[in-house]
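Here the structure is laid out as C-alpha cells; the discussion comes afterwards.
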Amino acid sequence: MGLFDETAAEEEAQEEEAQEEEKQWDRHVARLLEGLEAFEADVDLSLGRLHYAGQSLHDLAVRATLEEGRLTISRLQAQQQLEEESPRSLNVQGWLESEDQRLLAELQAELDRIDLTAALAPLGFGPLGTLNGSLNTRVVDGGLLFEDTALDYQAPHWGLSLSFTADTRTEGVEGQRIHLVGEGSYEEEPFEFDLLIGPLLDLTDPETPYPVSGELASGETRLWIDGSAVQPFALESLEGSARLEGPSPAELTELTGINLPELPPYRVSGYVSYRENLLSIDSLEGSFGDSDVAGDVRIRFGEPPKLWATLVSRQLEADDLLPMLGISPGTGPGETATPEQQQWEAQERRAEMLFPDREWDLEALRNTDIVLDYEAANVQAEHVPFEDLALALELEQGVMTVEPLQVGLGGGEVRASWVMDARQAAIEGDLQLALDQVNLAALLDEAGLPEVARDTLGRIGGRGDFRYRGRSMHEVMAGLDGELELAMSQGWLDIIAAELLPLNVANALVAALTGEDQVQLECTYVRFALDQGLADLDRFFMATEIAHFEGAGAINLETERMDLAFQGHNIDPTLFTGNSPVELQGSLRDPEVNVITEELIARGALSLLGAIVAPPLAILPWVDPGGGEQVGMGCERALSEFEE
C-alpha cells in the first residue's frame, strides 16, 4: 500500500468516526456545554414570553448557576403555548455537564402535556409526541436512565399511546436496563407490557438497536420477546427470539391488519426479524388446538398486506381446522378450545344445526393476500382413517385458489380443486372432489371394529362437483348446486349405517329393510343431484347376494331435514324374506325410521320409488385398484349379474 492509499484510508476512517459521533444525540448538548467551560455565571431570570421554533413559552422563570462547566438548574418553569391550545406547563431541576465530549446529567421534571417535538426542535429531532407526568432521569454514556418515573406518552404519528412507570435495573441483567411497566394502545388496540430495555439513545435514530425483553399482552394474547429494536416506540425494526400465545390468531387481525385464521388456542415460538414493513419468523414451532405446527412465515405490511408461509405438522387434529369454516372444534374432555368456541358448540347443539349461520369476515379475506404451502404427516379424525394432507393455497385480491388439495384416506386418496371468490357481498366458488380406492377395512378398523375389518374386502370411491354462494356455512349449504356420486364395493350394511346414522336408527333401518342383523353388501351406488340446497337422491343401487334395493327422496340442506324411502326386491322371487319398505325422515341430527305400511303406501309414501337402475360402469375404476384378487370385484360381479 502506498502513501496516498494510507492517507485515503485514514481519512475514510476519520470520516466514519465523525459520522458515528454525529449519530450520538448527546454530543450536540455536550458541545454547547464545552463552549461554556471558561465561564461562570449565576442566573435568575423571569420572562413574560419567549418565542422560539414556532412556539411560545409564557411565564418563564430560570434560576441556574454555571461553574467549572457544570450547569446546575435549581429552578426552570414555563408554560408552553402552541397555537390556540391551552397552556402546557413544565418544571425542571437538576444538573448537566460535559465529559470527554459526552453529556452527563441528572434531571427531575414535572410535565403537563409537554410537546417534545416542539420543545426539542432546535436539537434536530423528528416527531416525538407528548409527555405528561413525573420524570427522574440520568444521562450516562448517551443513555437515558430512569428512576421513580411515571409518564403518559402520546405519539399520534405512530398510532401509539403509553402510560407507564420506569426504573433503572442493574441486578440480574447485563449492563443497565430500564424496567417499563404499563399499558397503552397501538392503532387503537389496547395492550399491557412489562419490559426491560437498554438505556435509550436517540429515539429517532434509524440504526441504533435497543435491547428489549419482556412481555406484552393484548386481551388474552401474550407475546414474550428477547432481542433488540430500533426506534422501539415507532417499531422501525425488531429482531430476536419470540413466543406468542392466545385464544385464536384471528384476534390479532385488527392489530396487525393481516387476515389471520380462526383457530383453537395456539402457542408458537421462533426467531423474529422485522424491518421495512417485512416481518420474518424463522424456525417457527408450536401448536394450535391439539395439533403441532412448524415452518417459516413472512408477512409484508402494506396495501394490501401479504403473507407467505411454508408449514408442516407431524400430527393434525382435523377438527382444529373447523373454526375457519365458522364451525366449533371438538370441545369434549381432552380437547382444546376457547370459551367462545365452546359457546359456538353449545349454540349449534341447542339449535340442532349441523351448518351454523355464523357469518364469515369477508372484508378480512379481501384485504390480505396469502401464499401457503402446508403438509400434515398424520391427520387424526374421529371414525375416519385420514393419513396425510397436502395443499397449496393462494389468496389474491379476495380470490382464493386451493390446488392441489390432497388427503390420504384409508390407503386411497381424496383430491380436490377449490376456488373461492370473496369480492362480492357473499362468497361464491366451485369445489371438485375425486375419491379413489379407499380401503373399507381401514374405515372399519378406525371405527373400532378390527375383527370385522380383518374379514372385509372392498373399496369406496366417488366424484363431486359443487357450486356455492353464501356468507356462512348455512347459506352455502342452503344454496348448494352440483352433484355427488359415491360407490362402494362390498362391505356391511349394518356397519356402514351405524357410521352414518345414530346407532338406534341404523339398527332399525337395517332390521326393517332386510330382516337381518348383519347384511353383507356386494355393491352400492348413490347419486345426489343438488339444486339450491335440495339434494335429490336420483340414483340409488344396493346389491346383496339375494336382493337388490332401490331408494329415492331428498335431503333439504337449508332446513337440514331428510325424506328418503328404500325398498328391497329379492333376486329369486320365490325366496321369502322379511323385507319391508322403509322411510328415513326427520332432521339430519336426529332422523327417524318408519316401516311403510299399506296405509302409508296408499298415501303415496313410495311414490318416489321407481324401477331399479344399475350404476354406470364408470364407477368401477373408483373402487378397483387393479390386479387385486377379489378386491373391488363386488361391483363388477353385481353389475354383470344385474345385466343378465
Potential lengthening between residue 183 and residue 308 on full extension [0.36 nm per residue; Cα-Cα distance subtracted]: 41.9 nm
Cα-centre dipole for the range 24-204 with unit charges at Cβ (Lys and Arg positive, Asp and Glu negative), debye to 20: 400
Residue 419/residue 224 FRET efficiency (R0 35 Å; Cβ-Cβ; nearest 0.05): 0.35
Length added when fully stretched, residue 371-residue 79, from 0.36 nm per residue minus Cα-Cα: 99.7 nm
Accessible surface of the range 365-427 [probe 1.4 Å, protein heavy atoms]: carbon and sulfur percent: 50
Within the range 104-143: backbone nitrogen closer than 15 Å to the residue 169 label point (7 Å, Cα to C-beta): none
Inter-site label distance for residue 86 and residue 32 at 7 Å from Cα along Cβ, in nm: 3.0
Residue-normalised accessible area of the range 236-404, expressed per residue, 1.4 Å probe, Å²: 50
Förster-model FRET efficiency, 22 Å R0, residue 63 and residue 112, C-beta, rounded to 0.05: 0.65
Calculated FRET efficiency for the pair residue 176/residue 529, C-beta based, R₀ 51 Å, to 0.05: 0.10
Accessible solvent surface per residue of the range 24-204, calculated while the other protein chains remain in place, 1.4 angstrom probe, Å²: 53
Length gained when the stretch residue 52-residue 298 is fully extended (0.36 nm per residue, less Cα-Cα span): 83.9 nm
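The values are calculated or read from the model by the stated rules, or taken from the named source; none is laboratory data. Every value quoted in this text rests on a predicted model; they were computed, and no experiment measured them. Here Cβ is always computed from backbone atoms with ideal geometry, including for glycine, and neighbour counts include all displayed protein chains. Accessible surface is based on the protein model in full, side chains and every heavy atom, while ligands, DNA and RNA are left aside. Shrake-Rupley method; radii C 1.70, N 1.55, O 1.52, S 1.80 Å.
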